[in-house]
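Colleague: Can you read through this structure? Questions will come right after.
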Amino acid sequence: MATISRSDRWAGLLLRGSQLRYAAAYLLITSGVLLFLNIYAPITIRNLTYSAQAKAIEDKAKLIVSAFSNYERLDKEIAAASVQSVNGLRATRVLIVDASSHCLYDSVGVGGTEGKLILFPEVTEALRGNDVIHIHYDVNQILSKAGMPIVSYNRIIGAVYLLEQNQDQAALISSLQRNILWISIGLEFLVIIFSILFSALFSRRMSKLFLSVRKMHDGDYSVRLPQRGHDEVARLGLAFNELAKRLNQSEEVRKQFVSNASHELKTPLASIKLLADSILQNDMDAVTTREFVSDIGNEADRLTRLSAKLLELTRLDTQPVEKHEFVHILPVADRVLRMLTPLARKQNIQLKLDCPAECAIEGTADDLYQILFNLVENGIKYNQAGGWVLLQVQQNEDTVQIGVEDTGMGIPDHEKPHIFERFYRVDKARSRKAGGAGLGLSIVHDMVLRNNGIISVEDGKIGGTRFNLSFSAIPGKGKNV
Ligand code: ADP
């Protein structure tokens, strides 16, 4: 049963942490945008309305001022007649004052304000000769005020004061402001809901991924994530599944390898134990004892060879590829044949070499030696007395071809695809007798790949087996001319 460990809880917290961070980031961004909208939009609309109002009241004030263009001085009658002569003038209040700021005409306070001193700032400013427009927002209305001097022959003879109250525009602005605010609150609410929803969804998927990684960490390589969607998390899941599949495969290979290796090690060890027990228990003569001890020696040799090969495979699996160098094949092939001549003589096998001196590959000399050694050794081991092993090298424009051919028993077609597998033996009895554990060819195969080569196997021309290797030739070097 799966238990929630401390690190799982940490991961949960982390995920929740990132979920919170995402949600907070969404909220912060949208709040910023909405705040900006709530401030900027009403200000812009208000400014536009104000400038439209200012233009309208300025035009009206100018119209009234122009009605006085024929007068050199002002009185109550002139003021009233001139204002009324302006057609279609719609204003909340119109005031006309003389040069000393006394009211001559008031559209709202008829009788009340006439003759009184008017001290509105717009009027005072207009009597100094300046046009003044003031617009401001007041509770639920826009107040527009204008003051403009009435000039006759470069002399200020009075001033016009105009007041306009616009409730419709003010109501429009405040309703717009209210609408924007409600829409913002609604949007913010939606953002909160969606960010919680999305981040919960995201963190659920991440939690699944994390739990799968934990399972894999605990050794369960069969775990797979369901494939949904094409986003980053789905791609991560796909990569995870690939990784789990690979790990599963290599775990299988590892288990197989360990079980094969233990089996291979067990057999000679059991023989050694049996032989040693027999020597101890039986009262045998010196000749038989010597024979048994020699058998123990042979089994120990087998163990040594086996552990050397296992070490070689481990080295191939774990150590990085050595730096490739320019390797001439002839000296390496010569050394291999020299080393194997005693074995070949013992089995009455002839070793033949056909290798032009110029042939060279880019690789590792030690690897090339091991490759050729294992192939030629197999050619001798699985041959028959009086046979031969040929090591043949050819080079053309792009490739160097190496062939190792023998006149032995050959390999049946259905066995050929498996012979590069670890611990695979065709003729088990004969291979064991020859001291093999089914590792030589898999070492060859791994080394050929490490040196960017290709290896294949076919029947020899006159029976037996032929291994073909192909490596890239070094351009301009070692060409047969
Ligand atoms: P081993 O150490 O047993 O020789 P290898 O990996 O070198 O293991 O070879 C795998 C098997 O392939 C051998 O057991 C043998 O049966 C077969 N084999 C390899 N080379 C030859 C060959 N030249 N002729 C016939 N059979 C061969």
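The values are calculated or read from the model by the stated rules, or taken from the named source; none is laboratory data. Keep in mind that what you see is a predicted model, and the values were worked out from it rather than measured. When we count neighbours, we look across all protein chains shown, and the Cβ atoms used for this are built from the backbone with ideal geometry, even at glycine.
Colleague: Going through segment 282-316 one residue at a time, which ones are at pLDDT below 85 and over 60 Å from the mean Cα position of the chain (by Cα)?
Modeller: Of everything in segment 282-316, those that are at pLDDT below 85 and over 60 Å from the mean Cα position of the chain (by Cα) turn out to be ASN282, ASP283, MET284.
Colleague: Which pairs turn up if I take residues in segment 307-329 that are within 30 Å of GLU358 (Cβ to Cβ) and surrounded by fewer than 18 Cβ atoms within 10 Å (Cβ to Cβ) and look for partners that are small (Gly, Ala, Ser) and at pLDDT below 80 with beta carbon separation below 9 Å, at least 6 apart in sequence or on another chain?
Modeller: What qualifies is PHE326/GLY478; HIS328/GLY478.
Colleague: Mind listing whichever residues of segment 216-237 are touching a residue at least 12 places away in the same chain (Cβ under 8 Å) and surrounded by 13 or more Cβ atoms within 10 Å (Cβ to Cβ)?
Modeller: Residues satisfying the conditions are MET216, TYR221, VAL223, ARG224, LEU225, VAL233, LEU236, GLY237.
Colleague: Any idea how many residues of segment 273-306 are part of a helix (DSSP H, G or I) and either farther than 30 Å from VAL444 by Cα or in contact with a Leu (Cβ under 8 Å, 6 or more places away or on another chain) (or both)?
Modeller: So the answer is 23.
Colleague: Next question. Based on this model, can you work out whether GLY463 counts as in the same structural domain as LEU391 (by TED's automatic domain parsing) and near the ligand (Cβ under 8 Å from one of its atoms)?
Modeller: no
Colleague: Assuming GLN177 fulfils every condition listed in (1) part of a helix (DSSP H, G or I); (2) modelled with pLDDT under 85; (3) of a type outside the set (Phe, Trp, Tyr) apart from one, which condition is it?
Modeller: Result: GLN177 fails condition (2) only.
Colleague: Related question: Let me confirm something: among THR399, THR364, which residue is modelled with pLDDT under 95, crowded, with 18+ Cβ neighbours inside 10 Å and in the same structural domain as ASP459 (by TED's automatic domain parsing)?
Modeller: Only one candidate passes the filter, namely THR364.
Colleague: Turning to a different aspect of this structure: Keeping to segment 450-481, report how many residues are more than 39 Å from the chain's Cα centre (by Cα), modelled with pLDDT under 85 and surrounded by fewer than 18 Cβ atoms within 10 Å (Cβ to Cβ).
Modeller: Residues that pass the stated criteria total 5.
Colleague: If we scan segment 244-253, do we find a residue that is more than 30 Å from MET206 (Cβ to Cβ) and either under 57 Å from the mean Cα position of the chain (by Cα) or not hydrophobic (A, V, I, L, M, F, W, C) (or both)?
Modeller: Yes, that holds for at least one residue.
Colleague: So for segment 337-348 (the condition being within 12 Å of the ligand (Cβ to nearest atom), more than 53 Å from the chain's Cα centre (by Cα) and not in a strand (DSSP E or B)), does at least one residue qualify?
Modeller: no
Colleague: Report yes if ILE349 is among the hydrophobic types (A, V, I, L, M, F, W, C) and either free of Cβ contacts under 8 Å to residues at least 60 places away in the same chain or not assigned by TED's automatic domain parsing to the domain that holds GLY403 (or both), otherwise no.
Modeller: yes
Yes or no, residue by residue, for (1) away from the ligand (no atom under 15 Å from the Cβ); (2) more than 24 Å from ARG335 (Cα to Cα); (3) under 48 Å from the mean Cα position of the chain (by Cα):
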residue: ALA365; (1), (2), (3): yes, no, yes
residue: PHE373; (1), (2), (3): no, no, yes
residue: VAL376; (1), (2), (3): no, no, no
residue: GLY379; (1), (2), (3): no, no, no
residue: GLN395; (1), (2), (3): yes, no, yes
residue: ASP398; (1), (2), (3): yes, yes, yes
residue: ASP413; (1), (2), (3): no, yes, yes
residue: ARG422; (1), (2), (3): no, yes, yes
residue: LYS428; (1), (2), (3): no, yes, no
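Colleague: Oh, and also: Any idea how many residues of segment 152-173 are in a helix (DSSP H, G or I) and exposed (fewer than 14 other Cβ atoms within 10 Å of the Cβ)?
Modeller: So the count comes out to 3.
Colleague: With respect to GLU72, determine if the residue is touching a strand residue (DSSP E or B) at 6+ places or on another chain (Cβ under 7 Å), more than 22 Å from ILE173 (Cα to Cα), part of a loop (DSSP other than H, G, I, E, B) and of a type outside the set (A, V, I, L, M).
Modeller: yes
Colleague: Pairs under 9 Å by beta carbon, first residue not assigned by TED's automatic domain parsing to the domain that holds VAL336 in segment 373-394, partner among the small types (Gly, Ala, Ser) and more than 9 Å from the ligand (Cβ to nearest atom), six or more apart or different chains?
Modeller: none
Colleague: Tally time: how many residues in segment 34-55 are of a type in the set (Val, Ile, Thr), under 44 Å from the mean Cα position of the chain (by Cα) and surrounded by 14 or more Cβ atoms within 10 Å (Cβ to Cβ)?
Modeller: Looking only at that region, the number is 0.
Colleague: Let me spell it out: the conditions are (1) surrounded by fewer than 18 Cβ atoms within 10 Å (Cβ to Cβ); (2) polar (S, T, N, Q); (3) within 16 Å of the ligand (Cβ to nearest atom), and THR407 meets all of them except one. Which number is the exception?
Modeller: (1)
Colleague: Out of (1) more than 8 Å from the ligand (Cβ to nearest atom); (2) at pLDDT 95 or above; (3) farther than 30 Å from GLN319 by Cα; (4) more than 48 Å from the chain's Cα centre (by Cα), what's the single condition that is false for ALA357?
Modeller: (2)
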